[in-house]
Amino acid sequence: MSLGELAPVCVAIVGSGPAGLYAAAELLKREARVHVEMYDRLPTPGGLVRSGVSPDHADRRKMTAVYERLILGSGRFRFHGNVEVGTHVSQEELRRHHSAVIYACGASADRRLGIPGEDLPGSHAATEFVGWYNAHPDFADRHFDLSCERAVIIGNGNVALDVARMLLLGHEYLRSTDVADHALSALAESAVRELVVLGRRGPTQASFTVPELLELKQLGDVQVVIDSGDDLHQEDVDPQAGGGMRALRQRILAELGQAHDGDGRPKRLTLKFLTSPVAILGQERVEGIRVVRNRLSVDVAGAVRAEATSNCEDIACGLVLRSVGYFGRPIPGMPFDAASGVMPNRAGRVVADGHCLNGSYVVGWLKRGPSGVIGTNKVCAQETVTALLEDLVFGRLAPPASDLNAFDALLSKRSPQRMDYRAWNVVDRHERAAGLRQGRPRVRLSRVTEMFHITR
Ligand code: FAD
Ligand code: NAP
């Protein structure tokens with residue numbers, strides 16, 4: 001497609017994860033005058049669908065291919081990989097050359113615990129571990145020492161369970177997945193036999209979802225132990241404890257604990273509730289973790305809180321992975337709420353000093369914070385696109401000060417390894433062909449330069 005054939009309203013979308021892809025599809029479907037230019041700091045589109053979703057959930061990655069086809073089919077879309085806004089181009093430059101900009105940059109930073117020993121070797125954020133096993137170029141060179149028998153995972157969300165499965169699934173199974181080759185080799189040598197997953201509140205308050213809990217039943221050689229803390233009657237503390245999904249989740253947990261009770265399986269997963277980390281222990285590297293038992297209480301707003309008791313315990317372990325949520329990163333020059341990690345917005349319109357910034361929008365985890373599954377971003381994108389199209393109809397979008405030809409020239413200078421959609425197709429075919437030879441969905445490339453060379 002030549003630049004001269006582009007539709008008149010040119011919208012930039014920064015980020016090609018689910019939120020960016022849904023926003024592009026929605027825009028192109030609802031407004032024929034719109035043309036979308038999508039930029040991503042990585043050469044590969046998909047965001048966390050490629051670099052977050054765990055290798056044993058490969059079917060969930062199909063979403064991106066479906067949407068990519070839909071968007072490409074419009075003939076009004078271009079992808080530019082290896083272009084980072086804030087590094088290669090500024091937000092002002094982007095704004096100057098497009099009618100509107102939608103930020104769909106996700107929330108790629110990690111949350112910290114703020115406890116002693118957190119930076120000891122052997123203590124990592126789950127974000128790093130997930131990026132590593134998924135061949136994210138930023139994490140390809142990380143090293144995780146898996147020579148210990150026991151590891152501890154902190155947090156009770158789905159990411160904690162993803163990480164637990166990856167440590168327990170075993171080489172036989174993993175070698176049929178698209179896990180990164182470097183992780184496959186390291187996991188094959190892993191000595192980890194026991195995992196303890198810590199939840200600061202009770203089973204009723206855990207964030208795991210039902211399908212993820214049910215998957216634990218299928219971990220053939222893993223004994224699952226449920227340690228729910230004490231004999232506290234949670235229903236008395238949490239009035240919602242009996243409700244639908246929560247009750248189902250508790251039933252599954254009870255079944256899990258019984259099903260695998262002491263039947264001699266070689267690996268063990270303990271879900272330990274009402275327990276918080278206090279310190280990560282060790283001289284040169286992680287040797288253990290000190291935890292405290294909690295009791296639940298309800299605060300004035302009705303929220304169920306974990307309250308530490310005086311009951312402490314040390315758990316020996318050689319690896320600690322904290323999986324306590326992701327966090328947004330600021331885009332230079334754009335407003336950012338450092339407390340919540342989101343770009344302040346009203347229904348997707350970016351807000352600064354109480355006013356909507358003309359032509360700037362946000363979607364996905366950067367808009368709402370790091371929660372929700374892939375599909376949640378679709379509704380979120382519909383809201384943001386509705387706001388943008390309303391502004392278009394009411395003449396609130398100023399035409400770009402400069403055209404895309406000038407921007408293209410600027411990008412070629414600033415990001416010489418820029419990769420378009422055709423180049424991504426080459427990488428995609430290369431990875432799939434290598435996968436076919438090994439009976440795997442794909443063999444992933446994790447080096448940007450390698451991807452770039454393959455496309456030349
Ligand atoms: P992201 O997917 O993070 O996409 C953001 C994109 O922006 C990235 O491609 C990034 O490279 C790009 N970007 C960032 N900054 C810049 C910049 N400055 N310039 C250019 N580009 C930039 N949901 C499910 O339904 N099923 C699952 O199995 C599942 N597994 C998950 C596993 C993990 C480990 C995690 C963390 C989440 C998982 N989710 C899953 C949730 C789902 O991935 C998210 O809801 C979704 O990815 C959020 O979409 P997003 O587009 O806002 O962010
Ligand atoms: P999450 O669901 O928000 O879970 C974070 C967990 O960390 C919570 O259990 C939280 O406990 C705990 N936590 C936070 N701070 C803590 C602290 N200081 N000490 C101890 N524990 C602490 O986040 P996530 O697991 O990163 O998942 C992010 C989103 O992606 C979720 O919406 C998830 O459903 C989605 N996702 C989906 C899938 C899937 O569909 N298979 C897979 C992965 C991720 P409290 O509740 O007590 O705060």
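What list of ³J(HN,Hα) couplings, whole Hz, do you get for the range 55-65 from phi and the Karplus terms 6.51, -1.76, 1.60, once you set θ to phi - 60° and write x for glycine and proline?
x, 7, 10, 4, 4, 6, 6, 4, 3, 5, 4
Nothing charged except the Cβ atoms of Lys and Arg (+1) and of Asp and Glu (-1): what's the magnitude of the dipole of the chain about its Cα centre? Round to the nearest 20 debye.
Here the size comes out at about 1200 debye.
I want the antiparallel fraction of DSSP beta bridges within the range 111-325, as a percent rounded to 5.
Percent antiparallel among DSSP bridges in the range 111-325 is about 40.
What FRET efficiency do you get for T87 and S185 if R0 is 35 Å and r is their Cβ-Cβ distance, rounded to the nearest 0.05?
0.65
Determine the principal axes of the Cα atoms in the range 111-325, then give the extent along each, sorted from largest to smallest and rounded to whole angstroms.
48, 36, 32
Enumerate the calculated ³J(HN,Hα) couplings along the range 275-286 in order (Karplus 6.51 cos²θ - 1.76 cosθ + 1.60, θ = phi - 60°), each rounded to whole Hz, writing x wherever the residue is Gly or Pro.
So the Karplus estimates, Gly and Pro as x, are 9, 10, x, 10, 7, 9, 9, x, 8, 8, 7, 5 Hz.
Can you give me the angle between helix 376-393 and the longest principal axis of the chain, using Cα atoms only, in degrees from 0 to 90, rounded to the nearest 10?
20 degrees
Would you mind calculating the gained length between C312 and R414 on full extension (0.36 nm times residue separation, minus the Cα-Cα distance), in nm to one decimal?
Extra length from C312 to R414 when fully extended: 31.3 nm.
Output ³J(HN,Hα) for the range 316-332: one whole-Hz value per residue in order, computed from phi by the Karplus curve 6.51 cos²θ - 1.76 cosθ + 1.60 with θ = phi - 60°, and x for Gly and Pro.
Computed from phi, the couplings for the range 316-332 are 6, 6, x, 9, 10, 10, 8, 10, 10, x, 8, 8, x, 10, x, 9, x Hz.
Around D221, under 11 Å between beta carbons, what's the net of Lys plus Arg minus Asp minus Glu among the other residues?
The answer is +2.
Could you give me the percent of Cα pairs per 10 Å distance bin for the range 308-439, shortest bin first, beginning at zero and ending with the bin that holds the maximum distance?
Pairs per bin, as whole percents: 9, 21, 27, 25, 11, 5, 1.
Could you work out, for the chain, what percent of all Cα-Cα pairs fall into each 20 Å distance bin, beginning at 0 Å and stopping at the bin that holds the largest distance?
Distribution as computed: 23, 52, 24, 1 percent.
State in Å² the accessible area per residue of the range 111-325; use a 1.4 Å probe, count heavy atoms of protein chains only, and round to the nearest integer.
In whole numbers, the range 111-325 has 44 Å² accessible per residue.
Largest first, please: the extent of the C-alpha atoms of the range 111-181 along each principal axis, to the nearest Å.
Principal extents (Cα only, largest first): 39, 25, 24 Å.
The values are calculated or read from the model by the stated rules, or taken from the named source; none is laboratory data. These numbers were taken from a predicted model, which means no experiment stands behind them. Methodologically, a virtual Cβ is constructed for each residue, glycine included, from the backbone with ideal geometry; neighbour enumeration extends over all protein chains shown. Remember, those area values only see protein heavy atoms, side chains included, never the ligands or the DNA or RNA. Shrake-Rupley method; radii C 1.70, N 1.55, O 1.52, S 1.80 Å.
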